[in-house]
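Written out below as structure tokens is the structure these notes cover.
The values are calculated or read from the model by the stated rules, or taken from the named source; none is laboratory data. What you see is a predicted model, and the numbers here were worked out from it, not measured in a lab. Here the Cβ positions follow ideal geometry from the backbone for every residue, glycine too, while neighbour counts run over all protein chains shown.
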Amino acid sequence: MEVLYENPETLVDVPASSHSLSSGRFSQIRSYPNKQIEIVVPFPPGGTVDVTIRVLSEELSKNLGVPVIVSNKAGGTGSVEQNT
């Protein structure tokens, strides 16, 4: 049998650190996001970037359980998107 931890102090640290993960702060992180997400694409609709983001946003929405909205704000070489 192989010994994974030779130092007994390490065994005490592992349960203590796992307990801190179940504290209130971590549970707040798990509940994020709790509202819709908007992804702003700085290119016109129908382009390669737009189609790729829309495909990824569908999967993201399924995994997170919140709506993911894709907005296209083209123009000004991306500066319009930066000001949004």
R54 passes all but one of (1) exposed (fewer than 13 other Cβ atoms within 10 Å of the Cβ); (2) among the charged types (D, E, K, R); (3) assigned to a helix (DSSP H, G or I); (4) at pLDDT 90 or above; which number fails?
-> (1)
Qualifying residue in segment 69-76 (condition: among the charged types (D, E, K, R), exposed (fewer than 13 other Cβ atoms within 10 Å of the Cβ) and at pLDDT 85 or above) = no
